[in-house]
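Since the structure comes first, as structure tokens, the remarks are kept for the end.
The values are calculated or read from the model by the stated rules, or taken from the named source; none is laboratory data. Computed from a predicted model, the values in this text were never measured in an experiment. Every residue, glycine as well, gets a Cβ built from its backbone with ideal geometry; the counts of neighbours run over all protein chains shown. Surface areas here come from the heavy atoms of the whole protein model, side chains and all, with no ligands, DNA or RNA. Shrake-Rupley method; radii C 1.70, N 1.55, O 1.52, S 1.80 Å.
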Amino acid sequence: QNTSKPTSTAVVPEGYATHDVAGQHFTISYPSNWEDNRTDIEGTDYEALFYAPYENDEDVFADNFSVNEIVAPKNNLTVKQYFDTNMAAIESEGGYKHISTTDITTDGYAAKRWEATKVSEKSGELHFMQAYALTPDNAYVVTCTMSESSKDLYIDSCDKIIGSLKFR
């Protein structure tokens, strides 16, 4: 487990707005035309939730990005162990088609990036990108969920959002 704050690697892309809420242990940036929705997170595990604009009148899925923050387990988990624990829970749900898993750095901390697809009866085929990160005090799961048909439009934004995550 990380015990000291490394040099920040967070980058705020040009034209992005920053979600910065007092009391939260992170900031994160998102495309300025996306909605920072603080209403839909009440009663959920989300600390932040952003919606991309609908692409046209036929667009039925609200492509989105969310941040979950939990108190880090105090049993010296590595980011790999944290990731593997979460993957076991996801695999128990079934239906996900794994695309890739990559080691990344999030604000100087080792992290894991995971991509998969899953078919939803309500929303059709969805594409997921997640990043799992551990700091000495908190554990984070950042999730980008988009319709498979919107993937090419939003995948770069998801990587930039993850790259903008900064821990306090």
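Rounded to the nearest Hz, the phi-derived 3J(HN,Hα) couplings of the stretch 57-73 under the Karplus curve 6.51 cos²θ - 1.76 cosθ + 1.60 (θ = phi - 60°) are 5, 8, 5, 10, 10, 7, 4, 8, 9, 9, 10, 10, 10, 10, 5, 5, x, where x marks glycine and proline.
Give the separation of the Cα centroids, the stretch 106-147 to the stretch 24-64, in Å. The stretch 106-147 and the stretch 24-64 have Cα centres separated by 14 Å. Based on the Kirkwood approach, the hydrodynamic radius assigned to the chain is 16.4 Å, with every pair of different Cα atoms included.
Dipole size of the stretch 9-49 about its Cα centre, with +1 on Lys/Arg Cβ and -1 on Asp/Glu Cβ: approximately 120 debye, rounded to the nearest 20. In the context of the full set of protein chains, residues of the chain present 53 Å² of accessible surface per residue (probe radius 1.4 Å, heavy atoms only). Between Thr44 and Ile70, the distance separating the two model label sites (each 7 Å from Cα on the Cα→Cβ line) works out to 1.7 nm.
Only one residue of Tyr54, Ser100, Thr85 has its Cα farthest out toward the positive end of the dipole of the chain, where Lys and Arg carry +1 and Asp and Glu -1 on Cβ, and that residue is Thr85.
Among the trypsin sites (Lys or Arg not before Pro) in the stretch 76-167, those placed in a DSSP loop whose Cβ has at most 16 other Cβ atoms within 10 Å are Lys122.
Placing +1 on the Cβ of every Lys and Arg and -1 on the Cβ of every Asp and Glu, with no other charges, gives the stretch 20-156 a dipole of roughly 680 debye about its Cα centre. In straight-distance terms, cross-link reach from Lys166 covers every one of the lysines whose alpha-carbon lies under 18 Å from its own, apart from those fewer than eight places away in the same chain; here that gives Lys5, Lys112.
Computed from Cα atoms, the angle from the helix 79-93 axis to the main principal axis of the chain rounds to 40 degrees. Coupling constants for the stretch 36-48 follow from the phi torsions by the Karplus curve (6.51 cos²θ - 1.76 cosθ + 1.60, θ = phi - 60°), and in residue order they are 7, 9, 9, 7, 5, 8, 4, x, 10, 8, 6, 9, 8 Hz; glycine and proline get x.
The apolar share of the surface of the chain, taken as the fraction of accessible area on carbon and sulfur atoms (1.4 Å probe, ligands and nucleic acids excluded), comes to 48 percent. A DSSP coil position with no more than 14 other Cβ atoms inside 10 Å describes the following GluC sites (Glu not before Pro) in the stretch 25-134: Glu42, Glu55, Glu58, Glu121.
Can you find, among Ser164, Val119, Ser147, the residue farthest towards the positive end of the dipole of the stretch 112-168? Put +1 on the C-beta of Lys and Arg, -1 on that of Asp and Glu. Of Ser164, Val119, Ser147, it is Ser164.
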